[in-house]
Amino acid sequence: MKRSNTFEVIPQSEEDEELLRRLLDASAALWNEINYERREHYKDPDEDVWDISEYRGRYGGTLGASTVQQIERKNREAWKSFFSLKKKGEANGKPGFWGNSDDGRELRTYIRNTSYSVEWGEYSRLEILVGKDLKDEYGLGHRERLRLEVRGNPNWKEYEKQGRLELFYDEQAQSFRAFQPVTVDDSRLAQPLASEEAALDIGANNLVACTTTTGQQYLYEGRELFDRFRETTREIARLQSLLEDGRYSSHRIRRLYDRRTKRRDHAQDALTRDLIERLYDEGVSTVYVGALTDVLDTHWSVETNAKTHNFWAFRGFVNRLACTAEEYGMSVEVRSEAWTSQECPNCGSTEDTTRHRDTLTCPCGFEGHADLTASETFLRRQTTVTRSMARPVCLKWDDHEWSESPRSPRPNEEHTNPQVASVGR
Ligand SMILES: [Zn+2]
């Protein structure tokens, strides 16, 4: 099973920090050179994008031969993915540069799995390979690696194999960070406590509404997150309109895109973990997710759909969910069936119901939270188990974690008065 750790990296002296910055800056310079060469070759029908110069001679002394190779490989992967997206008509521009020498390069590097080691303990540390010239200059021994302190609480301190380490300077957090892919032994996984089920309704204003067969309901509010996403999108559009003719992007625009994505991913990661842990405690073993792709042709407006899609990156979210669920031995099943968001759970009507903001009402007398009702209806289609619902738990995002908000919606009223229902129809 493939997993990843992220953690903070702290140089222990000013000298070490300078060394690290030079290493990352040289990596970015190398990336830019390789990328420039590939872009030039791409333009020229007589040239081969894969056939590039030898860079070890000029960069090996600073980065070490294996890191030169990793950067070249990473760049090759970026071009491969560009070509395969282009084939599908989804390419979003050629691979970009890591900043430039005038505005500053993006400090980043990739280190081969055998060229670094991480140790967690009383003095947690990361040791990375650096080139011979840097070692000489900073007085490191011939076989010595640069030793850095690490901080954080990664999920996987024990693993079978480690992958290529990504090390970068996070401008927003003003700190160095590392991303470490690892392969974990499957026997470390948890087993579900029972065989309960849960269904999720996914949207933009309420990111996730969930109902379980144990009668629990969870609502993850997304309005503020979504508003900020929209604000950033507007700012990107404004900056784009100011660009000179012939330019499509700038350092600032790329940075805004980047920040927007990171913010969403952070909230999604935290959401999937919070939700899966709650579901695990409830004894859930299967999670059903309604396929968002179906929404387009039914009730929702095209605009609502587009914004939900962009914001959520639905496929990515389901992958995240499935990855986290796997750690707990749960399975995630995407069900593509008729949209349930407008269906009255009382009389089954889909035509007569009205949705106003978060409330779904039906002439039969039903009134309830629209998204929670949708997840409940969706769940009832997947399973025969039904239990009465507890008061829903409402969760809010504060940029760091999801926490329970005291302002929770009421559970759906008991489905009363069948006479009214038949009149309503
Ligand atoms: Zn009804």
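Residue check: residue 49 meets all listed conditions (1) closer than 21 Å to residue 105 by Cβ; (2) surrounded by 17 or more Cβ atoms within 10 Å (Cβ to Cβ) but one, namely (1).
Among the conditions (1) within 16 Å of the ligand (Cβ to nearest atom); (2) open to solvent by 20 Å² or more (accessible area, probe 1.4 Å); (3) not charged (D, E, K, R), residue 384 misses just one, which is (1). If you check 25, 16 for being surrounded by 21 or more Cβ atoms within 10 Å (Cβ to Cβ) and either among the small types (Gly, Ala, Ser) or under 22 Å from residue 117 (Cα atoms) (or both), only one passes: 25.
A quick yes/no check of all residues on (1) in the same structural domain as residue 107 (by TED's automatic domain parsing); (2) of a type in the set (Phe, Trp, Tyr); (3) farther than 18 Å from residue 168 by Cα:
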{"position": "14", "(1), (2), (3)": "yes, no, no"}
{"position": "24", "(1), (2), (3)": "yes, no, no"}
{"position": "31", "(1), (2), (3)": "yes, yes, no"}
{"position": "37", "(1), (2), (3)": "yes, no, yes"}
{"position": "43", "(1), (2), (3)": "yes, no, yes"}
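Candidates are the residues of the stretch 89-126 that are among the hydroxyl-bearing types (Ser, Thr, Tyr) and touching a strand residue (DSSP E or B) at 6+ places or on another chain (Cβ under 8 Å); the one that is farthest from residue 167 (Cα to Cα) is 123.
Would you point out the residue of the stretch 343-367, among those that are more than 10 Å from the ligand (Cβ to nearest atom) and either at pLDDT 90 or above or exposed (fewer than 14 other Cβ atoms within 10 Å of the Cβ) (or both), that is nearest to the chain's Cα centre (by Cα)?
Applying the first criterion (more than 10 Å from the ligand (Cβ to nearest atom)) to the stretch 343-367 yields 351, 354-359.
Keeping just the survivors that are either at pLDDT 90 or above or exposed (fewer than 14 other Cβ atoms within 10 Å of the Cβ) (or both) gives 351, 354, 356-357, 359.
Details: 351: 36, 354: 34, 356: 31, 357: 28, 359: 30 Å.
Residue satisfying both the conditions and the ranking: 357.
Only a single item in (1) touching a Ser or Thr at 6+ places or on another chain (Cβ under 8 Å); (2) modelled with pLDDT under 80; (3) within 27 Å of residue 270 (Cα to Cα); (4) more than 16 Å from the ligand (Cβ to nearest atom) is not met by residue 340, and it is number (4). Screening residue 157 against (1) at pLDDT below 95; (2) over 23 Å from residue 2 (Cα atoms) leaves a single unmet condition, (2). All told, residue 279 falls short of being aliphatic (A, V, I, L, M) and under 25 Å from residue 172 (Cβ atoms). Looking only at the stretch 1-13, residues that are at pLDDT 95 or above and either open to solvent by less than 10 Å² (accessible area, probe 1.4 Å) or touching a Pro at 6+ places or on another chain (Cβ under 7 Å) (or both) come to 1 in all.
Screening the candidates 375, 331, 403 for the property of being open to solvent by 40 Å² or more (accessible area, probe 1.4 Å), more than 16 Å from the ligand (Cβ to nearest atom), at pLDDT 85 or above and touching a Leu at 6+ places or on another chain (Cβ under 7 Å) yields one hit, 403.
Residues in the stretch 80-130 that are open to solvent by 70 Å² or more (accessible area, probe 1.4 Å), outside any loop (DSSP other than H, G, I, E, B) and either assigned by TED's automatic domain parsing to the domain that holds residue 258 or more than 22 Å from residue 48 (Cα to Cα) (or both): 105, 119.
Here the stretch 76-125 is the region considered, the condition is being among the hydroxyl-bearing types (Ser, Thr, Tyr) and without any contact (Cβ under 8 Å) to a residue 40 or more places away in the chain, and the residue that is farthest from residue 19 (Cα to Cα) is 84.
For the criterion of being more than 19 Å from residue 377 (Cα to Cα) and either within 16 Å of the ligand (Cβ to nearest atom) or modelled with pLDDT under 60 (or both), residue 302 passes. The residues of the stretch 138-152 that are without any contact (Cβ under 8 Å) to a residue 24 or more places away in the chain and surrounded by fewer than 16 Cβ atoms within 10 Å (Cβ to Cβ), listed by number, are 139, 141, 142, 143, 144.
Each row is one residue, and each column tells you yes or no for (1) in a loop (DSSP other than H, G, I, E, B); (2) among the acidic types (Asp, Glu); (3) more than 30 Å from residue 284 (Cα to Cα).
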site	(1), (2), (3)
169	no, no, yes
172	yes, no, yes
177	no, no, yes
194	yes, no, no
198	no, no, no
207	no, no, no
228	no, no, yes
244	yes, yes, yes
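Checking 77, 37, 33 one by one, the residue that is open to solvent by less than 50 Å² (accessible area, probe 1.4 Å), of a type in the set (Asp, Glu) and modelled with pLDDT of 95 or more is 37 and no other. Among the candidates 238, 234, 228, the residue that is modelled with pLDDT of 90 or more, farther than 26 Å from residue 331 by Cβ, in the same structural domain as residue 392 (by TED's automatic domain parsing) and surrounded by fewer than 23 Cβ atoms within 10 Å (Cβ to Cβ) is uniquely 238.
The values are calculated or read from the model by the stated rules, or taken from the named source; none is laboratory data. Note that the coordinates shown come from a computational prediction; the quantities given were computed from them, not determined experimentally. Heads up, the Cβs are rebuilt from the backbone with ideal geometry, glycines too, and the neighbour counts pull from every protein chain shown. These area figures cover heavy atoms from the full protein model, side chains too; ligands, DNA and RNA do not enter into them. Shrake-Rupley method; radii C 1.70, N 1.55, O 1.52, S 1.80 Å.
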